[in-house]
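These notes are about the structure you will find just below.
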Amino acid sequence: MVIVVQNISRHWRVVHPSWERSRNFICGKEAFDAAAALALDHHGHTDTAVTVQVAAFGTAVEVLRFG
């Protein structure tokens, strides 16, 4: 599973594949911390691999992986 932290016009959002809507944040650190917590929780419950990517300025970088 891939959870994405996106920067859109000076705002940040977390996009989770099982959510219908993204969750918005003003601060990138808060968005990343939320995505990391979601990834760790999902990995802990399912023991499957989870990746967190940060997407900003036309580029996406894998920054965290569990499993």
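The values are calculated or read from the model by the stated rules, or taken from the named source; none is laboratory data. Quick caveat: nothing in here was measured; it's all calculated off a predicted structure. All Cβ positions, glycine included, derive from the backbone under ideal geometry; neighbour counts span all protein chains shown. Protein only, heavy atoms only, side chains kept; ligands, DNA and RNA dropped before computing areas. Shrake-Rupley method; radii C 1.70, N 1.55, O 1.52, S 1.80 Å.
Candidates F32, F57: the one that is within 15 Å of S9 (Cα to Cα), among the aromatic types (F, W, Y) and open to solvent by 60 Å² or more (accessible area, probe 1.4 Å) is F57. Tell me yes or no: at least one residue of region 17-26 is open to solvent by 50 Å² or more (accessible area, probe 1.4 Å), under 12 Å from Q6 (Cα atoms) and not polar (S, T, N, Q). Yes: one or more hits. On the stretch given as region 1-39, residues that are modelled with pLDDT of 95 or more and among the acidic types (D, E) total 2. When each of A31, A39, A60 is tested for being touching a residue at least 24 places away in the same chain (Cβ under 8 Å) and closer than 12 Å to M1 by Cβ, the lone residue that passes is A39.
Applying the set (1) crowded, with 18+ Cβ neighbours inside 10 Å; (2) under 9 Å from the mean Cα position of the chain (by Cα) to V50 leaves exactly one unmet item: (2).
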